[in-house]
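Remarks on the structure that follows.
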Amino acid sequence: VQDHLGAVQVPANMRCLYKPFYTMSAASALNNENIAFRLSGRNNSSITFSAPKARVLIVDDDDLNLIITTKLLQETKMSIDTAGSAEECLRKTKKRYYNLVLMDYMMPNMDGGELLRAVHKQENGMCKDTPVVMLSANVYGDKYKEYMQMGFQGILEKPIDAAKLEEEVIKYIPDELI
């Protein structure tokens, strides 16, 4: 229901899902819980930079996370590739240079720390010095320090906040590409 100023007013007995929505927000709404995840009220139309010559690889075993992260970065006009597994990531980093890798930590067969080391030590790899930002829902307590000691340049907590994603990405894209 919209009020006279155009603001949406939601009755107390209703739940809202904000796009893009995540599995947890859908489950919460269906279970009648008052939890809604948003992307800081920002959407991908508020991206403040364009870098059409920059290359980013997003690595996550969850297709929905790949879609959401790609969509959030779409207006940057960066060349965005995705990998659904550690093995696919290693194949791609062996063939192509990326300015930045956004990498999920919890993946089957090889966790993010192992994959980070493999990318940076990959024989004939193209991304030995590429910054890698970790994506994880498990950033709590001493975990942040532990992840940074593994060699990640940054950490983004899931669900991904669009503003924080933009802040993190722009740190690692060379100025001449923006």
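Listed here are the residues, each with its yes/no results for (1) exposed (fewer than 13 other Cβ atoms within 10 Å of the Cβ); (2) assigned to a loop (DSSP other than H, G, I, E, B); (3) of a type in the set (A, V, I, L, M).
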site	(1), (2), (3)
Val139	no, yes, yes
Gln149	yes, no, no
Phe152	no, yes, no
Val169	no, no, yes
Glu176	yes, no, no
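Within the stretch 119-143, track down each residue that is more than 16 Å from the chain's Cα centre (by Cα) and either at pLDDT below 90 or closer than 16 Å to Asp60 by Cα (or both). Selection gives Val119, Tyr140, Gly141, Asp142, Lys143. Would you mind stating whether Tyr98 is part of a helix (DSSP H, G or I), surrounded by 15 or more Cβ atoms within 10 Å (Cβ to Cβ) and touching a residue at least 40 places away in the same chain (Cβ under 8 Å)? Taking the combined requirement at face value, the residue does not satisfy it. Of the numbered criteria (1) under 21 Å from Phe49 (Cα atoms); (2) without any contact (Cβ under 8 Å) to a residue 40 or more places away in the chain; (3) under 14 Å from the mean Cα position of the chain (by Cα), the one Lys71 fails is (2). Against the test of being free of Cβ contacts under 8 Å to residues at least 40 places away in the same chain and either open to solvent by less than 50 Å² (accessible area, probe 1.4 Å) or assigned to a helix (DSSP H, G or I) (or both), the options Leu165, Leu90, Leu135, Leu156 yield a single qualifying residue, Leu90.
The values are calculated or read from the model by the stated rules, or taken from the named source; none is laboratory data. Computed from a predicted structure; not experimentally measured. All Cβ positions, glycine included, derive from the backbone under ideal geometry; neighbour counts span all protein chains shown. Calculation scope for accessible area: heavy atoms of the full protein, side chains included, ligands and nucleic acids excluded. Shrake-Rupley method; radii C 1.70, N 1.55, O 1.52, S 1.80 Å.
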